[in-house]
1. For the chain, build the charge dipole from Cβ charges (+1 Lys, Arg; -1 Asp, Glu) around the Cα centre, then report which of T316, A300, V232 sits farthest towards its positive end.
2. Quantify, in whole percent, the carbon and sulfur part of the accessible surface of the range 81-237 (1.4 Å probe; protein heavy atoms only).
3. Starting at the first residue of the range 6-15, write each ³J(HN,Hα) from the Karplus equation 6.51 cos²θ - 1.76 cosθ + 1.60 with θ = phi - 60°, in whole Hz, x for Gly and Pro.
4. Mind computing the radius of gyration and Dmax over the alpha-carbon atoms of the range 60-115? Å is fine for both.
5. So what are the ³J(HN,Hα) numbers for the range 135-152, from phi and the Karplus equation (6.51, -1.76, 1.60; θ = phi - 60°), rounded to whole Hz, Gly and Pro as x?
6. Let me check something: with ligands and nucleic acids excluded, how do M11, M115 order by accessible area (1.4 Å probe), largest to smallest?
7. Using only the heavy atoms of the protein chains and a 1.4 Å probe, how would R43, R223, R286 rank by accessible area, largest first?
8. Charges only on Cβ, +1 for Lys and Arg, -1 for Asp and Glu: so what's the dipole of the range 242-354 about the Cα centre, in debye to the nearest 20?
Amino acid sequence: MTIIEPFLLSMLSAPGLSGFEEPVSKIIAEKWRPLVDEISSSRMGSLHALRKSAAEGKSPSLMIAAHMDAVGLMVKKIENGFLQITAIGGVDERILPGQAVIVHGRKKIPGIVQMLPDRLMPSSEVNEPLKFPRLFVDTGFSQSELEKMVQIGDVISFAQEPIKMGEGYIAGHSLDNRASVAALTVCLEELKHYNLQWNIWTVATVQEEEMLRGAFTSTYQIRPDIAIAVDVTFAQGPGSNGHMTFPMGKGITLGVGSNVHPALTSHFRKIAEELDMPYAVEPMPRSSGTDSMAMQITAAGIPNMVVSIPIRYMHTPVEMTSINDIMRAGRLLARFITGLEPNSLETLFAGKSS
């Protein structure tokens with residue numbers, strides 16, 4: 001077992017849906033507190049952890065963000081003893097029937113997501129894609145009992161416990177993006193005996209799955225000189241082996257495109273090659289789909305980089321990734337940070353603009 005696995009397993013066993021991140025935030029704060037000089041929460045609820053520069057005078061700052069929120073469900077209506085539901089974030093209705101869930105009402109209530117059997121549905125709808133009006137959560141309680149424990153707006157998280165898979169893989173809900181929070185933690189562990197030349201902010205952002213709100217507000221508050229988004233990307237699997245996916249367990253990806261400063265992509269490629277670390281370049285011609293989209297355009301604009309970890313089955317209760325790729329991402333970030341010098345802003349971006 002690697003040093004990061006117990007922490008990752010604890011995060012994957014906790015809820016923390018977008019807008020309701022407090023349970024997982026507490027776990028992250030407890031882990032990060034011994035590794036940083038200061039830790040606090042933003043007004044939005046994002047977790048800010050600072051490793052201070054050892055250099056004299058004012059130092060540049062780097063912000064590395066990984067969102068801690070997850071997709072899930074919300075109670076929309078209580079009817080005839082069943083919970084009508086809607087989505088928090090991008091949830092694919094096709095994967096929901098039969099899933100075990102936890103309803104976070106006045107107490108935690110186990111439930112299962114179900115649908116009408118096809119024999120009871122109108123024939124015109126039998127082969128149609130499932131939509132939320134046809135899905136519900138059954139808790140086994142009557143209408144009167146449910147109304148005592150649950151109210152409209154209560155959140156519903158996936159109940160799937162994390163699973164350790166073969167050859168160093170792990171599966172569970174919310175690896176998007178707690179895999180990247182784990183990578184930031186690896187980075188902090190690697191840095192704990194270094195005297196740094198920059199102020200390093202590691203940030204676990206809220207509400208990435210709903211409009212990138214944590215990234216906007218935290219970046220505005222911190223105003224870093226450089227920002228890095230660490231997130232997940234699509235891994236290869238059955239039916240998805242084309243140019244839009246990347247091998248799982250064979251290295252991280254480095255973004256290139258409109259959200260990413262070309263000088264940072266070049267520099268990260270150089271570091272990965274020096275470390276003999278496998279990586280792929282991920283084209284992001286329009287946007288990265290990450291916190292980078294918010295960080296890049298905050299205030300007057302901030303040079304950004306995107307580092308991603310390939311995962312399979314994104315936005316399902318059984319997302320899967322490689323522990324080795326998580327470790328690689330953390331070590332790559334640490335090597336970038338230990339190479340930062342007081343004049344790195346000038347040397348990195350000399351003659352280059354995004």
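1. Positive-end residue among those listed: A300.
2. Within the range 81-237, the accessible surface is 51 percent carbon and sulfur.
3. Each residue's phi maps through the Karplus curve to give x, 5, 4, 4, 5, 5, 6, 9, 10, x Hz.
4. Reported Rg and Dmax, both Å: 15.6, 59.
5. Taking θ as phi minus 60°, the curve returns 10, 8, 10, 9, 9, x, 9, 6, 4, 5, 5, 4, 5, 6, 10, 10, 9, 4 Hz for the range 135-152.
6. Working: M11 0, M115 55 Å².
Greatest to least solvent exposure: M115, M11.
7. Details: R43 245, R223 115, R286 210 Å².
Sorted by accessible area, descending: R43, R286, R223.
8. Values: 9 positive and 9 negative charges, 33 e Å.
With Lys and Arg at +1 and Asp and Glu at -1, about 160 debye.
The values are calculated or read from the model by the stated rules, or taken from the named source; none is laboratory data. Note that the coordinates shown come from a computational prediction; the quantities given were computed from them, not determined experimentally. No Cβ is skipped: glycine too gets one built from the backbone with ideal geometry, and neighbour counts run over all protein chains shown. To get the accessible areas, we keep the full protein, side chains included, count just its heavy atoms, and leave off ligands, DNA and RNA. Shrake-Rupley method; radii C 1.70, N 1.55, O 1.52, S 1.80 Å.
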